[in-house]
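Peer 1: The structure follows.
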Amino acid sequence: MNELMRQLLFLPEQASTFAVKVDKLHYFVVTVTMVASVLTGLIATWFFFRFRERRPNASTPIVSASHRFELAVISVPLIFFFLWVWVGFKDYIWYVTPPKNTTDIYVTGKKWMWHFAYPDGPNSNASVTVPANRPVRLLMTSRDVIHSFYVPDFRIKQDVIPGRYTETWFEATKPGRYRIYCAEFCGTWHSQMIGEVVVLPGPEFDAWMVKQKQGLAGRVDSSGSGEEFKGDLATYGRRLAGAYGCLKCHSLDGAPHIGPTWVDLYRRKTLLASGETIIADEGYLTESMMDPYVKVVKGYQQVMPSFRGKLAAPEAAALVEFIKSLRGDNLENVAPKEPVYGPVERR
Amino acid sequence: MAQLNVVNEELSLPKVHYINADRGLKSWLFTLDHKRIALMYFVLTTVALLLGGIFAMAVRFEHLTPGPTIMGANTYNRMFTLHGVVMIFLFMIPAIPGIFGNFCLPLMLGAKDVAFPRLNLLSVYVYAVGAALALYGMVSGGADAGWTFYAPYSLSTPATLAPVLFGVFILGFSSILTGLNFIVTVHTLRAPGMTWMRIPLFVWAIYATAIIQVLATPVIGLTSVLVAVERIFGFGFFDPAHGGDPVLFQHMFWFYSHPAVYIMVLPSMGVISEAVAAVARKNVFGYKMIAYSSLGIAFVGFFAWGHHMFVSGQSALDNGAFAIISMLVGVFTAIKVFNWVGTLYRGSIAIRTPLVYICGFLFFLVFGGMTGIAVATVSLDVHWHDTYFVVAHFHFIMVGAVIMGYLAAIHLWFPKMFGRMFHEGWGMVASSFIVLGFNATFIPQFLLGNAGQPRRYYMYDERFWVLNVASTAGSTLLAFGFIIILIYLIYALKNGNVAGDNPWDLKGLEWNTSSPPPKHNFDVTPTVDEDPYTYQKKGEEVEHVVI
Amino acid sequence: MSSSEGHAHAARPPRWYHAHHFDNIETQNHAVRLGMWLFLGTEVLLFAGLFLGYTVYRWLYPQTFHLASRHLDLSLGTLNTVILITSSFTVVLGYNAIQRGNSKACVRWLAVTILCALGFLVVKSFEYRHKFHEGMLPGKFYSYEGLQLPGANIFYAVYFLATGLHAFHVIVGMSILAWVMFRVKKGLYNAEYHVPVELGGLYWHLVDLIWIFLFPLLYLI
């Protein structure tokens, strides 16, 4: 049944957990829509013949509706629509809530290609390799205009916006190769901003990753040293932190300095000068590099310069990874009370 | 209704009517007569429709093969921009209010003219200037940002956009003036006895439209000017490179452009309300429900804009709220559909050209409307957003519903406007072409969207090929239908049979004067004493049916 | 907005200002008033976009906006507010005068109003010149040394767009009032018919009202 409906509706393969979930609603919605519209057309056409003009200028009865009929007319579509929206919103909440322990990949969109970087490994253009049956989270930003990361076989799409980080996640179920499109018009070769997700079975992915790390192509950081760099993203971030002078103000020993310490900063509940409390996630950390005064931590001065335009996207990603790696022994005590990415209960 | 309806047995055109009352170019260029202004709109918007259609066909033919077919990538991007801007700002928004609103609204209310005739004339000229500027800007500057002008692409594209944006701003003024005029007219110029609950439903629809025009249009005006100013002076308002927020642009853009959908579709719904009652010769079933649901759509439509931005990084809570509000629009529309079908029930239905359009309209509106709720269902929209599914959905509403209403209006009021009949046989042929061609064009596009082809794609993967060719084939049928209509209508202008004042014995006030009407509409101000859909003969036993 | 003038149509209306398609002058007055109020509605919505932009960016850059507003000239802003509120009062005095049929007084009060508007623009131009001189400019032109914070250029973008659009409305309002004043002087309006004076006054109140919102948002908080 599932397969028949999928083929009838020309839907692509169901290659992720979300695709399986969302397609059920898809079939239901499309079926109801088809039935309702065809029924309306048929009833109208039937009326045309049943009540066709038998003599010119005939008188017609005055037809009015009983309250029961009116109630039915309003409630039937309301019930159907509400059901759609309710189920749809529930699925959507599931979709925007990534589980813990995701494999994170940094995605950068630019005219007209996709760039991928792993926290502790290689980076690549156009093609990204992910494990099957493990959740993968994408942290995305754009270098120029708005793009939109779209994988039809996974039924996922997320706008990629310059100056902001957006995220999406998926859990691929079938090894294979799947198209990535850009879904937001971005210029001349918008239609050629194409990439590929290569899904490998878990063990194969691990082996692939090990191989990649061994032969890791050298990275050149843009801090001016010009040296080649080998190693994972966090180590790269440590080098950048030194090169950009971050460590002059941010300590690595847990003591507050000119700026807040970086130890245990990641996912710390932080009180801002505005009185608001936020959780220092990837988005916040990146934002603070680019626009340091938008969310200043309470008790600190506005002295940090903006790194907008100075840090390349992979470098920002490396810094975030470095901060994430700095965990003290008292991690349990400062961890937020409720899980940040608590997955919605699944049945 | 007053017994003014003298049936003209010889069926000849009245000697003096609004078209020949004054002669010379000047009498047209400086006319304050709402009927002549309607004809000016008719000519201008028909040109826009033809242009937009040509651009659409160019886009469709480009898609005959997966690779480059007849044009380059940049030309293609300009082509769909031209198609979108021309169809939406130059045709859809002004067409039905400009032509049939202007022509019929004062006639239906029993007024001599709209409230502010000079503003009415001004709105035509503002429209012409705005349209010329936008077209000139697009053709000379190579605008390629799509009709949505999303920042920061619209800020960084090398094309010249400022003239187009100012053109959109100016066109907005024309729309505001028209809407303002209609609201005041409905409030102040109703004939004696024309109570609010006796107003024809087309007028109700135009009234609801006018409210949106007046309240939403200034926002797009400001937004387009902001983008233009930013392009010229680099103000950084929407530019992330200067600290601006590109998503703010989307909010401001859709705050107008979502209600704009109702600016386009509500008048068409009004036409269908009239046409259904006219062909079925029957009291409108649920008059109040139709009238109030128009106002309901106008009101709720203001708060649904966020459903265009489900994947833009908007918060999940916002998305849920916008989904529920969008659903309400669907309920209001469903009420209307029930009432139209209910009006047909136990009618005395004449099989005439408007009937085909009514039938097409009902199917397209239900399918297009329900797929609209479907794309407002957040989780499904993640897959469908910015694919051909959305393209097909809004074409079902914009072409399916709006153009069916537009064509139904032409075939309903053509005899009143020009005093002559079109050829009924050709009318049926053309309408069949249109309805079939439309389905053949856009049903494959729904499937393309399901399959995952994003919109605005110059080249596409080969697996989308078959459906694209099917869509292009359908579009030629559709175009053919329009050409037939154009030909037989132009022929009918001079050579059609004389229609007579009221060829179908209808009850609205507009049928209560000669065809074409005299310059001052009515020789005697009509007095109204019943609702406009009373098709029972005086003194006859009236059958009441309750369902 | 003054469709109250007569049309040169065949059937001559009884009074010059009574358009033929209105049954009586009361309906016509009702129509033009309604039209004016609707137009004011569109004007409010036009500015609403800028207020929205202000709100969003204030939320994004709260501290910058707070500090940047300190760099506006509060005394000149206050002076302008006083000028505009005074002008709103004088335009009402003008309307009151024509209601009583005193067209001379009406012309006088309208002239005072226009002078106030001119004064407002002069003060504004001093403010603008200072901003230009200091480099407190929108977007990429921002070069003010005294305030180097992200979002400062956005604050000045909002400032110049909002006050610029408002200044444009002041000019339009002045022109409308000048036109009305000219026609009062010609003796076209009297105690019986003076709707255009009323409409001009309404428009002027709107211009004033928008400033009442702009002033605290930009200068005070």
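The values are calculated or read from the model by the stated rules, or taken from the named source; none is laboratory data. All values derive from a computational prediction rather than experimental measurement. Every residue, glycine as well, gets a Cβ built from its backbone with ideal geometry; the counts of neighbours run over all protein chains shown.
Peer 1: Kindly list, by first and then second residue, each pair from a residue in segment C:182-198 that is within 19 Å of C:R33 (Cβ to Cβ) to a residue that is polar (S, T, N, Q), limited to pairs with Cβ atoms under 6 Å and residues at least 6 apart or on different chains.
Peer 2: Filtered contacts from segment C:182-198: C:V184/C:S103; C:V195/C:S4; C:V195/C:N29; C:P196/C:S2.
Peer 1: Follow-up question, since we're still on this one. Please determine whether any residue of segment B:531-545 is over 30 Å from B:L447 (Cβ atoms), at pLDDT 90 or above and within 26 Å of the chain's Cα centre (by Cα).
Peer 2: No; the residues of segment B:531-545 include none that is over 30 Å from B:L447 (Cβ atoms), at pLDDT 90 or above and within 26 Å of the chain's Cα centre (by Cα).
Peer 1: Looking at segment A:45-71 only, could you name the residues that are within 7 Å of chain B (Cβ to nearest Cβ), in a helix (DSSP H, G or I) and either over 30 Å from B:K538 (Cβ atoms) or among the charged types (D, E, K, R) (or both)?
Peer 2: Result: A:T45, single match.
Peer 1: Just to check your reading of the model, which residue among B:L90, B:L107 is in contact with a helix residue (DSSP H, G or I) (Cβ under 8 Å, 6 or more places away or on another chain) and either within 14 Å of chain C (Cβ to nearest Cβ) or on the phi > 0 side of the Ramachandran plot (or both)?
Peer 2: Exactly one of B:L90, B:L107 is in contact with a helix residue (DSSP H, G or I) (Cβ under 8 Å, 6 or more places away or on another chain) and either within 14 Å of chain C (Cβ to nearest Cβ) or on the phi > 0 side of the Ramachandran plot (or both), namely B:L107.
Peer 1: Look through B:I170, B:I211, B:I232 and report the one residue that is farther than 30 Å from C:G135 by Cβ and more than 18 Å from the chain's Cα centre (by Cα).
Peer 2: The conditions single out B:I170.
Peer 1: Could you count how many residues in segment B:28-58 are of a type outside the set (F, W, Y) and either more than 30 Å from B:T185 (Cα to Cα) or surrounded by fewer than 17 Cβ atoms within 10 Å (Cβ to Cβ) (or both)?
Peer 2: Adding up the residues that qualify gives 12.
Peer 1: Considering only residues that are buried (at least 18 other Cβ atoms within 10 Å of the Cβ), within 13 Å of chain B (Cβ to nearest Cβ) and of a type in the set (F, W, Y), look in segment A:165-206 and name the one that is farthest from B:H308 (Cα to Cα).
Peer 2: Once the filter is applied, the top-ranked residue is A:Y178.
Peer 1: Any residue in segment B:179-200 that's within 10 Å of another protein chain (Cβ to nearest Cβ): show its pairings with residues that are of a type in the set (S, T, N, Q) and surrounded by fewer than 22 Cβ atoms within 10 Å (Cβ to Cβ) at Cβ separation under 6 Å, as long as the two are six or more apart or on different chains.
Peer 2: What qualifies is B:T188/C:T27; B:P192/B:T527.
Peer 1: Which of the residues belonging to segment B:133-165 are out of contact with any Lys or Arg (no Cβ under 7 Å at 6 or more places or on another chain) and closer than 21 Å to B:M264 by Cα?
Peer 2: Across segment B:133-165, the qualifying residues are B:A134, B:L135, B:W147, B:T148, B:F149, B:V164, B:L165.
Peer 1: Looking at segment B:12-37, I want the residues that are of a type in the set (V, I, T) and have a partner that is outside any helix (DSSP H, G or I) with Cβ atoms under 6 Å, at least 6 apart or on another chain. Which pairs are those?
Peer 2: Once the first residue is of a type in the set (V, I, T) and sits in segment B:12-37, its partners that are outside any helix (DSSP H, G or I) give B:I19/B:P516.
Peer 1: Among the residues of segment B:427-459, which ones are among the polar types (S, T, N, Q), part of a helix (DSSP H, G or I) and buried (at least 19 other Cβ atoms within 10 Å of the Cβ)?
Peer 2: B:S431, B:N439, B:T441, B:Q445, B:N450
Peer 1: Scan segment B:522-544 for residues that are surrounded by 12 or more Cβ atoms within 10 Å (Cβ to Cβ) and within 7 Å of chain A (Cβ to nearest Cβ) and jot them down.
Peer 2: If the condition is that a residue be surrounded by 12 or more Cβ atoms within 10 Å (Cβ to Cβ) and within 7 Å of chain A (Cβ to nearest Cβ), then B:Y535, B:Q536, B:V542, B:E543 are the ones that fit.
Peer 1: Still on this model: Within segment B:197-204, does at least one residue satisfy the condition of being buried (at least 23 other Cβ atoms within 10 Å of the Cβ), within 28 Å of B:F249 (Cβ to Cβ) and touching a Leu at 6+ places or on another chain (Cβ under 7 Å)?
Peer 2: No.
Peer 1: Follow-up question, since we're still on this one. Kindly provide the set of residues from segment A:289-324 that are at pLDDT 80 or above, part of a helix (DSSP H, G or I) and within 30 Å of A:W94 (Cβ to Cβ), ordered by number.
Peer 2: Correct list: A:A316, A:A317, A:V320, A:E321, A:I323, A:K324.
Peer 1: Of the conditions (1) outside any helix (DSSP H, G or I); (2) away from chain C (no Cβ under 13 Å); (3) surrounded by fewer than 24 Cβ atoms within 10 Å (Cβ to Cβ), B:A145 satisfies every one except a single condition; which number is it?
Peer 2: (3)
Peer 1: Something else about it: Just the residues that are farther than 24 Å from B:K537 by Cα and more than 7 Å from chain A (Cβ to nearest Cβ), please, taken from segment B:330-353.
Peer 2: B:F332, B:T333, B:K336, B:T353
Peer 1: Being surrounded by fewer than 24 Cβ atoms within 10 Å (Cβ to Cβ), facing another protein chain (nearest Cβ under 9 Å) and in contact with a Phe, Trp or Tyr (Cβ under 8 Å, 6 or more places away or on another chain) narrows it down to one of B:G244, B:G234, so name that one.
Peer 2: B:G234
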